[in-house]
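Undergrad: First the structure, then my questions, so here it is.
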Amino acid sequence: MKYVVCVPDGCADEPHPDLGGRTPLEVADTPVLRALAARGEVGRAAVIPAGMPPGSDVGNLSILGFDPAEFHTGRAPIEAASLGLKLRADQVAYRCNLSTVDPDAGGPDGLMVDFAGGHPSTEAAAEVVAALDERFGRGAGEGLEFHPGVQYRHIMVAPKEWVDAECTPPHDLTDRPAVRPTGAVGDRLWDLMVASREVLAGFPEVGANQVWLWGQGFQPRLPSFAETYGLRAGMVTAVDLVRGLGVLTGMEVVDLPTATGWYDTDYEGKRDVALDALRDGADLFVIHVEATDEAGHAGNVEEKVRALENWDRRILSGLVEGLDAMGDWRLLLLPDHPTPLHLKTHTSDPVPYLLVDSRADGAGGVLTEPGVADRPVVDGHSLMRTLVEA
Ligand SMILES: [Zn+2]
């Protein structure tokens, strides 16, 4: 038996006026997905437990079959793991966005213009992060460290007492007044964020003008996927956060340089590494694509629909053929949270899911938000058990 988990990040949505009051899942031309839903089982899953922030870290932890309420410590330490960083017990990790804030607009703390700092290249961003590390990090010798990640997404490591702050995720502030951190170290964090403008000013070719610190946490203690589920698992993703969950649960995370985390990602490449890994002995493989979430954050209706159509034409069609050639298989498809186009941010609402078993047809259904509206809501983290034990 082979298992595949497909994660179109943030694909769930709400009715949109530009789509005639329908959702991207309803509008997208996805014949393969429709056929799979018609022979499978659709339902609704709470991937974000009540009271937890609707982040991709929380949602993807659910999808991988671990209860976020039990295992989640914060977003940044998961991303730190993806960079190969091992936090000591006396260290806390913060996500360090290169962001664009207009200090003269919005409110007293400025206006959040772009949480992604104009999407700098990873190479250009690494130079900025090196300069930050020299000025405020290891160059300053006060226990802070700046570590480069991908594009606008980086990590700051700090002494453990820096954990006491309430920080606002910058993608929740797009086009809105920036909100400085509060709590015991809120002022220290804000001073650092403001001071970083001097360093960023030395890189005018990068669209970002300051760092934004948030998502802090200690190293989580996640059990291994293989020990928990008795299966050898692999994963492909362009997103550090998702990769970090793979690393922390002992999955084999495949490097695919053409996976970009953006609309132009290598859909066929992801499909092919999944099939290769399964042929080479993996029992389960996770395919994660970020494009739907990015389109949601951008409010880009066309790209969100296109990303779903790309899933259909460029991943699912070949994937089903490839799986059929290997024998029996089961497939689980669901997003890690909704990213409604009209809100440009995540919500905590339950998401539609699809389970398909090559050996037996299910009740069938329609994998859209209205199509599952009357289904009971199951815990998102229980679906992995359902997938692998049926
Ligand atoms: Zn997400």
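Undergrad: Identify the single condition in (1) under 24 Å from Asp357 (Cβ atoms); (2) free of Cβ contacts under 8 Å to residues at least 60 places away in the same chain; (3) of a type outside the set (A, V, I, L, M) that Thr260 does not satisfy, given that it satisfies every other one.
TA: (1)
Undergrad: Just to be sure, is Ala38 within 16 Å of the ligand (Cβ to nearest atom) and at pLDDT 95 or above?
TA: Details: within 16 Å of the ligand (Cβ to nearest atom): no; at pLDDT 95 or above: yes.
Here the answer is no, as Ala38 does not meet what is asked.
Undergrad: Here's another thing I want to ask about it. Would it be correct to say that Leu19 is closer than 22 Å to Ala295 by Cα and assigned by TED's automatic domain parsing to the domain that holds Val273? Can you show your working first?
TA: Values: closer than 22 Å to Ala295 by Cα: yes; assigned by TED's automatic domain parsing to the domain that holds Val273: yes.
Yes: the conditions hold for Leu19.
Undergrad: How many residues, within region 202-246, are farther than 30 Å from Asp114 by Cβ and either of a type in the set (Asp, Glu) or part of a strand (DSSP E or B) (or both)?
TA: Number of matching residues: 3.
Undergrad: Any idea how many residues of region 47-70 are more than 15 Å from the ligand (Cβ to nearest atom) and more than 20 Å from Glu166 (Cα to Cα)?
TA: Residues flagged as more than 15 Å from the ligand (Cβ to nearest atom) and more than 20 Å from Glu166 (Cα to Cα) within region 47-70 amount to 4.
Undergrad: Output the qualifying pairs, or none if there are none: Cβ atoms under 7 angstrom, residues six or more apart or on different chains, first residue in region 192-205 and within 18 Å of Ala140 (Cα to Cα), second residue small (Gly, Ala, Ser).
TA: Here the result reads Val199/Ala131; Leu200/Ala208, each pair linking region 192-205 to a residue that is small (Gly, Ala, Ser).
Undergrad: Determine if region 13-24 includes at least one residue that is buried (at least 24 other Cβ atoms within 10 Å of the Cβ), away from the ligand (no atom under 14 Å from the Cβ) and in contact (Cβ under 8 Å) with a residue 12 or more places away in the chain. Give the steps one after another, and end with the answer.
TA: In the first step, residues of region 13-24 are kept if they are buried (at least 24 other Cβ atoms within 10 Å of the Cβ); the result is 13, 23-24.
Filter once more, so that each one left must be away from the ligand (no atom under 14 Å from the Cβ): 23-24.
Then drop every residue that is not in contact (Cβ under 8 Å) with a residue 12 or more places away in the chain, which leaves 23-24.
There is at least one residue in region 13-24 that is buried (at least 24 other Cβ atoms within 10 Å of the Cβ), away from the ligand (no atom under 14 Å from the Cβ) and in contact (Cβ under 8 Å) with a residue 12 or more places away in the chain.
Undergrad: Look through Ala390, Ala325, Ala298 and report the one residue that is farther than 18 Å from Asp9 by Cα and at pLDDT below 95. Break it down stepwise before answering.
TA: Details: Ala325 fails: at pLDDT below 95; Ala298 fails: farther than 18 Å from Asp9 by Cα.
Going through Ala390, Ala325, Ala298 in turn, the sole match is Ala390.
Undergrad: Identify the single condition in (1) modelled with pLDDT under 95; (2) away from the ligand (no atom under 16 Å from the Cβ) that Val92 does not satisfy, given that it satisfies every other one.
TA: So the condition that Val92 fails would be (1).
Undergrad: Okay, moving on. Just the residues that are in a helix (DSSP H, G or I) and surrounded by fewer than 19 Cβ atoms within 10 Å (Cβ to Cβ), please, taken from region 120-130.
TA: Answer for region 120-130, where residues must be in a helix (DSSP H, G or I) and surrounded by fewer than 19 Cβ atoms within 10 Å (Cβ to Cβ): Thr122, Glu123, Ala124, Ala126, Glu127, Ala130.
The values are calculated or read from the model by the stated rules, or taken from the named source; none is laboratory data. Please read these numbers as outputs of a predicted model, since none were measured by experiment. Positions of Cβ are backbone-derived with ideal geometry, glycine not excepted, and every protein chain shown enters the neighbour counts.
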